[in-house]
Amino acid sequence: MHRNRISKQITFLFLIIVLLLQVTPVYAQGGNSITGQGTIENPTGGGSIAFSLTFNPAGGPVSGETAAINMPYTMGFGVEGFSTTTFVNYPACPITGNFAGGNGGAIQATVTCSGTFSQTINTPVGSGTVKGAMTWTATVNGTLNANGTGSGSADMTSSGTTEPFVMNGIQFPGSSSPASSYSTTWQVAYPAAEFQAGLIPLTPEYFQQTYGITVENGDAEWKDEELRAMDELFRQLPQSFLDQLALTKIVRYQSAWDKNWNLNRSTRADYSAADQRLCPTCALSSETIRIYDSVFDPAKSQFENDPQGLTQFKGTLVHEMTHALQFFKEPQSMYKSAYKNPIVQNWINTTKPVQADPKTGWIFGYYQKEFDENGQEKKDANGYVIWKHVSKWKYWGATDGNRPVTSYASTNPLEDMCDSVKMYLYDPQKLMNNSMVRYQFVRDNIFGGVEYENGQQKKP
């Protein structure tokens, strides 16, 4: 078979594969980002390229990523004995660009993807294998509008190279196919309400009117990206969750203070549940979450791809909001102790590793041996080992399939639930691996069946 004919068929096959590529959304870390689903029309007719765009309505970087593929494709020629089988491999390929922001703002993005192929050519007199590489790029231009739609043009270019190969005893040299260019159109759709919300200034009045929560500056000021990350979290939480919080205020501070009034720079956030009716002098801290600078330290983030620490901030904030859930009794009323809340009692009972064994799971108070400075067991005058009662919570009988999701979650049942909620939103796979019981409890009893990926609600 003539080498030029082989090259043309490789190029044709490559274009078909390009038009089948699926683009997977990458959720931006922090900011008031939204994701839209769209298509680029096939320039040669038949089918389209699906894609997703993640962007901030106020403007800024556009991000995305193609799906890694390993796809076989077989083509016949209508002639007995002639056919080709091709295996195409593509890694994840980035989509990058910028959006000017606002209604009708201009968007420009570029997709650049490089892959390899291996094509076996079968003929009645023998077969041969052609290997090579393929590259395609697409430049997308257009506008994004507040009505939830965007559109524009897309210019696509593809090219490929083949390595030297032998077929039927004939040596074929390597070569490069000429670049092919196409022009087509694209369209995308996204929630109009989210786009419009992204353009609203995030003032204290906005949070009070939208969520019924007061957001204030303490001895530190909220940054715009922090407020937008907070708003993004709130918008992803079910209203039923927000309606059951003993929470009135979120305040920004530099650092926490310990009980001796020394700065504690390691504390990321805390929650005060003291109700003013129970503690009149606690009015300033009543039902309040305090956020400290340390939560934004990316070096201490529990999550990947968190350069500004905003995912850690959102995870910590929903952790503290879960404390507010534990104290909530009914509107204008709260429990003096979160352990009296039925949902906490249910959590303690449900998370037992062995339901029939009351000595497993969360138990308050236990005995442990006392040791001297040399690590030797302490004994009394009669030679009996001394045991000391410890007035703390401890989780007994943990198994590989049922244990607290973090070391901090092992502190007590309240922290266990709060860290489980945090991981439910931002690392659900880790929570499932540690304890499917906890994952199911959070899903069914706290979020009403709503599930998450990268902090975004999954579509039903």
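Regarding GLU205, is this residue assigned to a helix (DSSP H, G or I), under 22 Å from the mean Cα position of the chain (by Cα), at pLDDT 85 or above and not aliphatic (A, V, I, L, M)?
Here the answer is no, as GLU205 does not meet what is asked.
Anything in the stretch 252-280 that is at pLDDT 90 or above and of a type in the set (Ser, Thr, Tyr)? List them, or say none.
TYR253, SER255, THR267, TYR271
Looking at the structure I just gave you, is TYR335 open to solvent by 10 Å² or more (accessible area, probe 1.4 Å), more than 27 Å from the chain's Cα centre (by Cα), under 15 Å from ALA246 (Cβ atoms) and free of Cβ contacts under 8 Å to residues at least 24 places away in the same chain?
Here the answer is yes, as TYR335 does meet what is asked.
Could you please find all residues in the stretch 408-431 being part of a helix (DSSP H, G or I) and β-branched (Val, Ile, Thr)? Explain how you work it out, then say what you get.
Here is the first cut: in the stretch 408-431, the ones part of a helix (DSSP H, G or I) are 408-410, 413-426, 428-431.
Once the filter is applied, which keeps residues that are part of a helix (DSSP H, G or I) and β-branched (Val, Ile, Thr), the stretch 408-431 yields only VAL421.
Looking at GLY401, GLY455, GLY375, GLY383 in this structure, which one is over 24 Å from LEU325 (Cβ atoms), among the small types (Gly, Ala, Ser), under 27 Å from the mean Cα position of the chain (by Cα) and at pLDDT below 95?
The unique qualifying residue is GLY401.
Out of the residues in the stretch 285-322 that are of a type in the set (S, T, N, Q), in a helix (DSSP H, G or I) and without any contact (Cβ under 8 Å) to a residue 60 or more places away in the chain, which is least open to solvent (accessible area, probe 1.4 Å)? Step through it out loud before you land on a result.
First, pick out the residues of the stretch 285-322 that are of a type in the set (S, T, N, Q): 285-286, 288, 294, 301-302, 305, 308, 311-312, 316, 322.
Filter once more, so that each one left must be in a helix (DSSP H, G or I): 294, 311-312, 316, 322.
Narrowing further to those that are without any contact (Cβ under 8 Å) to a residue 60 or more places away in the chain: 294, 312.
Numbers: SER294: 20, GLN312: 1 Å².
It comes out as GLN312.
Can you tell me which condition ARG252 does not meet? The list is (1) under 24 Å from PRO57 (Cα atoms); (2) among the basic types (Lys, Arg); (3) open to solvent by less than 60 Å² (accessible area, probe 1.4 Å), and all the others hold.
ARG252 satisfies all of (1) under 24 Å from PRO57 (Cα atoms); (2) among the basic types (Lys, Arg); (3) open to solvent by less than 60 Å² (accessible area, probe 1.4 Å) except (1).
When you go through GLY128, GLY101 one by one, which is the residue that is part of a strand (DSSP E or B), out of contact with any helix residue (DSSP H, G or I) (no Cβ under 7 Å at 6 or more places or on another chain) and among the small types (Gly, Ala, Ser)?
Within the list GLY128, GLY101, the selection yields GLY128.
For the structure I just gave you, tell me whether GLN326 is assigned to a helix (DSSP H, G or I), modelled with pLDDT of 95 or more, closer than 24 Å to ASN445 by Cα and open to solvent by 40 Å² or more (accessible area, probe 1.4 Å). Steps first, please.
On the way: assigned to a helix (DSSP H, G or I): yes; modelled with pLDDT of 95 or more: yes; closer than 24 Å to ASN445 by Cα: yes; open to solvent by 40 Å² or more (accessible area, probe 1.4 Å): no.
Against the criterion (assigned to a helix (DSSP H, G or I), modelled with pLDDT of 95 or more, closer than 24 Å to ASN445 by Cα and open to solvent by 40 Å² or more (accessible area, probe 1.4 Å)), GLN326 does not qualify.
Scan the stretch 235-246 for residues that are modelled with pLDDT under 95 and in contact with a helix residue (DSSP H, G or I) (Cβ under 6 Å, 6 or more places away or on another chain) and report the count.
Matching residues across the stretch 235-246 total 1.
Any chance you could count how many residues in the stretch 140-169 are at pLDDT below 90 and among the polar types (S, T, N, Q)?
Qualifying residue count for the region: 6.
Hey, can you tell me all the residues within the stretch 407-430 that are surrounded by fewer than 23 Cβ atoms within 10 Å (Cβ to Cβ) and free of Cβ contacts under 8 Å to residues at least 60 places away in the same chain?
Hits for the stretch 407-430 are SER407, TYR408, SER410, THR411, ASN412, GLU415, PRO428, GLN429, LYS430.
Residue by residue through the stretch 346-403, note down the ones that are assigned to a strand (DSSP E or B), touching a Pro at 6+ places or on another chain (Cβ under 6 Å) and farther than 17 Å from GLU415 by Cβ.
Within the stretch 346-403, just THR399 meets the criteria.
If I ask for residues that are β-branched (Val, Ile, Thr), surrounded by fewer than 17 Cβ atoms within 10 Å (Cβ to Cβ) and within 27 Å of ALA92 (Cβ to Cβ), which ones from the stretch 107-130 would you list?
Once the filter is applied, which keeps residues that are β-branched (Val, Ile, Thr), surrounded by fewer than 17 Cβ atoms within 10 Å (Cβ to Cβ) and within 27 Å of ALA92 (Cβ to Cβ), the stretch 107-130 yields THR110, THR112, THR116, THR120, THR129.
With (1) surrounded by 15 or more Cβ atoms within 10 Å (Cβ to Cβ); (2) out of contact with any Phe, Trp or Tyr (no Cβ under 9 Å at 6 or more places or on another chain); (3) not in a helix (DSSP H, G or I) as the list, and SER159 as the residue in question, which single condition is left unmet?
Evaluating SER159 over (1) surrounded by 15 or more Cβ atoms within 10 Å (Cβ to Cβ); (2) out of contact with any Phe, Trp or Tyr (no Cβ under 9 Å at 6 or more places or on another chain); (3) not in a helix (DSSP H, G or I) leaves (2) as the failure.
Identify, by number, the condition in (1) open to solvent by 10 Å² or more (accessible area, probe 1.4 Å); (2) more than 27 Å from ASN70 (Cβ to Cβ); (3) among the aliphatic types (A, V, I, L, M) that ALA133 doesn't meet.
Single failed check for ALA133: (2).
Starting from residues that are part of a helix (DSSP H, G or I) and without any contact (Cβ under 8 Å) to a residue 24 or more places away in the chain, keep the ones in the stretch 217-266 and report whichever is nearest to PHE296 (Cα to Cα).
In this case the residue turns out to be ASP224.
The values are calculated or read from the model by the stated rules, or taken from the named source; none is laboratory data. Note that the structure is a prediction, hence the values are computed from the model and not measured. As a convention, Cβ positions derive from the backbone with ideal geometry for all residues, glycine included, and neighbour counts pool all protein chains shown. These accessible areas exclude ligands, DNA and RNA; they are computed on the full protein's heavy atoms, side chains included. Shrake-Rupley method; radii C 1.70, N 1.55, O 1.52, S 1.80 Å.
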